[in-house]
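Single-structure report; data block below.
The values are calculated or read from the model by the stated rules, or taken from the named source; none is laboratory data. In this text the structure is predicted, and so the values were computed from the model without any measurement. FYI the Cβ positions are ideal-geometry reconstructions off the backbone, even for glycines, and counts take in every protein chain you see.
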Amino acid sequence: MKKLYGIGIGPGDKELITMKGYRLIRECHVVFIPESNGESLAGRIAEDYIKDKKLVRLEFPMGDDNKENYIKASKVVEETLSDDEWGVFLTLGDPMVYSTFLYLMAELEKRHVETESIPGISSFTAAASRAKLPITLRGENFYLCDGDINEDILKTVNTICILKTTKNKEGILDTLERNSFKYVYVKRCTQGDEKILYTRDEILKDRDYISLIIGGREIND
């Protein structure tokens, strides 16, 4: 039976790919790589592990409604794999957290292609490590969101991480400050051009899509 593994390859550092993810990449018949306008961060992270593999590139432009692209990609996967073959789909972070693989998985299941998710290190856990900020302590609550903050939820938590901050960064910072949250901005986490910013002005000037903000009620400077 045809099967596709969604491999979480972590936030950027190629050494943060799990041993299981690496083994499946090396043993698979086909590697499927997501791209946006011909560029693939996932492909660059895993480039040393996939040089000799059969590669199929799937286009999912960042910021676009990719509903039709998921359908098209599922057809490509189904037609590429023979009945006795299996492939891997590389995805940043963890496949179960805001990942392209989730939507592709839903379409593949309609086509009766078996799927399985292999966990990876999420960007927000890696960023917390890089910034030396605990995500949660005993008895605390954590809020993960994708761009917009629900302020009612924010009032009930101790820490928050906001992914995809470029669309409304000023509004995000205003909301955090209004609710007495200190924050840190992590760009390109664990990659060669990683930056960690702490001041509002620096954060507002940066427009990198691969970035996140972690906030806490009692974060030490």
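Just to be sure, is PRO34 under 16 Å from TYR5 (Cβ atoms), in contact with a strand residue (DSSP E or B) (Cβ under 7 Å, 6 or more places away or on another chain) and not in a helix (DSSP H, G or I)? Judged against the criteria, PRO34 is a match. Screening MET19 against (1) closer than 27 Å to ARG130 by Cα; (2) within 18 Å of the chain's Cα centre (by Cα) leaves a single unmet condition, (2). Right, LYS20: touching a strand residue (DSSP E or B) at 6+ places or on another chain (Cβ under 7 Å), charged (D, E, K, R) and over 22 Å from ALA73 (Cα atoms) or not? Taking the combined requirement at face value, the residue satisfies it.
Going through (1) crowded, with 18+ Cβ neighbours inside 10 Å; (2) over 15 Å from the mean Cα position of the chain (by Cα); (3) over 26 Å from MET19 (Cβ atoms) one by one, VAL113 falls short only on (3). Can we say GLU68 is within 24 Å of ASN37 (Cα to Cα), surrounded by 15 or more Cβ atoms within 10 Å (Cβ to Cβ) and charged (D, E, K, R)? Criteria not met by GLU68.
Against the conditions (1) modelled with pLDDT under 95; (2) over 16 Å from TYR5 (Cβ atoms), ASP84 satisfies every one except (2). Within the stretch 180-193, at least one residue is on the phi > 0 side of the Ramachandran plot and either within 23 Å of the chain's Cα centre (by Cα) or among the hydrophobic types (A, V, I, L, M, F, W, C) (or both).
Okay, residues lined up against (1) outside the structural domain of GLY12 (by TED's automatic domain parsing); (2) surrounded by 14 or more Cβ atoms within 10 Å (Cβ to Cβ); (3) under 26 Å from MET96 (Cβ atoms):
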{"site": "ARG138", "(1), (2), (3)": "yes, no, yes"}
{"site": "LYS164", "(1), (2), (3)": "yes, yes, yes"}
{"site": "GLY171", "(1), (2), (3)": "yes, no, no"}
{"site": "TYR183", "(1), (2), (3)": "yes, yes, yes"}
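For the stretch 116-163, residues that are outside any strand (DSSP E or B), within 18 Å of LEU197 (Cβ to Cβ), within 17 Å of the chain's Cα centre (by Cα) and free of Cβ contacts under 8 Å to residues at least 60 places away in the same chain total 1.
Across the stretch 71-97, the number of residues qualifying as buried (at least 19 other Cβ atoms within 10 Å of the Cβ), within 16 Å of the chain's Cα centre (by Cα) and part of a loop (DSSP other than H, G, I, E, B) comes to 4.
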